[in-house]
Structures are given as C-alpha cells and as structure tokens.
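Below is one structure, written out as structure tokens, with a few remarks after it.
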Amino acid sequence: MPIKSHKGILPVLGFAAGVVVMSLFFGLVAYYMGGATKSRALYDAQTREAQALLDFIKPKVDKVKELEGVVSKSNPTAPDMALMEELAKVDYAVKPEELVTVAGGRLLVGAQQTDLLVKFTADTQLIANLAKEHVRMTTKVDQKELEEIAADKTLSGRGAYAVIFNADEYTQKLNAKEPGAPVKGAIAIVDSEPFEKDKEPWVKVRYPSSGKVFDTPLRSLVHVDKEQIQRSGGPNAVGRYTRRQGALVGKVSEVTKYGDTMVTQLEAIASRGAAPILTFSK
C-alpha cells in the first residue's frame, strides 16, 4: 500500500489552526467589549444619578446654610418670633424615601458620596425635629415666662425677680440634726409692694410661666436680678431657650461644614461627560 504524502495535510492543519486562533481572538474581543459595555452603562448611570441628586440636594444645602445665618445671628437668650417663623419651615429636610426615589431606587454614586447623602438625610431630619421642638416650647410652653424675663422690669420692689421657697421648711432643716436636701425654689415676679399680714410683711407674687398670682411672706423670697436669670442654665425659660438654640446652632453648623463637600463631589460626577468607548485597566 503506497504511503500518502504529508504535504497535502499540512495546509489543512494550518488553516484549522488559523480558524481556532481567529475564533479565540474574536471571542476575547467580544468578551472584553461586553464588559466594556457594562462598564460604560454603569458609568453613564452614575453620571445621570449624580445630576438628579445634585438638582435635588443642592437647594436643600443652600436652605440649611440660610438657616445657619439666621440662627447664628439671633440672640441666644431672648425669644425671636421672626426666628420662630423661619424655624417652622422645614423645606430643607430630606426624607429617606425621597432620596431613594430621586436616585432611581439605588445609589450608584460611590461609597463616600452615599455616606454623605445618608448622613445629610438623617441630620436634616434631626434639625427639623429640634426646630419643631424649639418652636413649640418657645411659643406654647415658655412664651409667657420668656416675655416676662425679657421685659424691662425694675430690679427692686414691685416687678423684681425673686426665688420663692418654703421659708418654714428651710428653717426646720437648718435646725434639724440631719438637714437633708436643700429646699427647692422657683422663679417668681414680685407683683406688689409689701403689706402687713399675720403680723409680718407679705407681697403678691406671680409665676411668669403660668401667670398664677398669690400672696407669700416676704421672708420666703430671695431677690435675683434679671442678668443672673438670663445667664443661668437652671430650670427657667431663658435657660431652656438657650440650651435648645445652642443644640440647634451646633447641628446646623455641622451640616453646613460637609454640605459643600457633598455638593462638590456630586458636581464632579455629574459634569464628567459620557463614558469613553474603550477603557483599559493596568
């Protein structure tokens, strides 16, 4: 039997090898193009999402900055009705569901930007709650007392501020072998000149918070000037007002510090243009 020559087989093998190489080549190209297409789609989705978030968030940040300017310049020891009206507006607050809706149901803008967006949402909700409580306490609970303390009253005689306490209980504790806790007092306003009753001087006093008027022995009062009340952090309307406003100013200032950073980062993503056709990684 004659031996067949290999010369006819070699071209066939070479052609087959070439087909295999070309198939692998185009397969790899298709694989990388598919990956690049997905990357470009994600890139473009991030850009669109950043623009939508920027349009939504930037006005909120601007509102918080306006609020900071108003709160920081107000008197921390005196009620300001114009400030109360401004605080009653909570159009700066972001609800979690609003953030998700604007982002299209997902946050693709990156971990750092997402953290700032979530923090801003939580902080603006907290500011809104602090503001609502500040308005409620100032205009509902403490208004009468704040107005009395803020008024231009004389500092002695009628109209004076005083701490009222139970003088009999105070004396008994002084004489007791075990005095116990100090006697509690409350801020009151002297509403009359002294008059005689039960063979000792009495005066009419009024609680500034409730407006209740009653008689009390003069020995149950200790004079306190208005400046001491306003500086005090004790249980009076001015002290409460000051603490509430201090907490509000602190939180608003904190938000404005990172608010600009958040906006700048979103602007950078939103303005970067369309994704490149091919991307190469090292």
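Every read-out reported here was derived from the displayed coordinates using simple, explicitly stated rules and does not represent laboratory data. Fair warning: this is a prediction, and the values are worked out from it, not measured in the lab. Cβ atoms come from the backbone with ideal geometry, glycine included; neighbour counts cover every protein chain shown.
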Among the listed pairs K140/K184; K184/K251; K73/K204; K173/K204; K89/K119, which are separated by more than 30 Å between their Cα atoms? K184/K251; K73/K204
Each residue of the stretch 44-51 in turn: what ³J(HN,Hα) in whole Hz from Karplus with 6.51, -1.76, 1.60 and θ = phi - 60°, glycine and Pro shown as x? 5, 5, 4, 4, 5, 5, 4, 5
Please turn the phi angles of the stretch 119-129 into ³J(HN,Hα) values with the Karplus equation 6.51 cos²θ - 1.76 cosθ + 1.60 (θ = phi - 60°), one per residue in order, whole Hz, x for glycine and proline. 5, 4, 4, 5, 5, 5, 5, 5, 4, 4, 5
What distance in nm separates the simple spin-label points at S271 and R243, each placed 7 Å from Cα in the Cβ direction? 4.6
R0 = 41 Å: FRET efficiency of Q125 with K199, Cβ-based, nearest 0.05? 0.10
Count the net charge of all other residues whose Cβ sits under 12 Å from the Cβ of K73, scoring Lys and Arg as +1 and Asp and Glu as -1. -4
Along the Cα→Cβ direction, 7 angstrom out, place labels at E97 and N175. What is the inter-label distance in nm? 6.7
Want the number for K89 to V222: 0.36 nm per residue separation, take away the alpha-carbon distance, what's left? 43.7 nm
Pop the C-beta distance of D55 and N75 into the FRET formula with R0 = 35 Å and round what comes out to the nearest 0.05. 0.45
Counting sequence-distant residues (5 or more places) and residues on other chains, those with an amide H built under 5 Å from that of W202 are F195, E196, K197, L218
Checking the stretch 179-211 for trypsin sites (Lys or Arg not before Pro) in a loop per DSSP with at most 16 other beta-carbon atoms within 10 Å yields K184, K199
Gain in span if fully extended, S210 to Q143, counting 0.36 nm per residue against the direct Cα distance: 23.1 nm
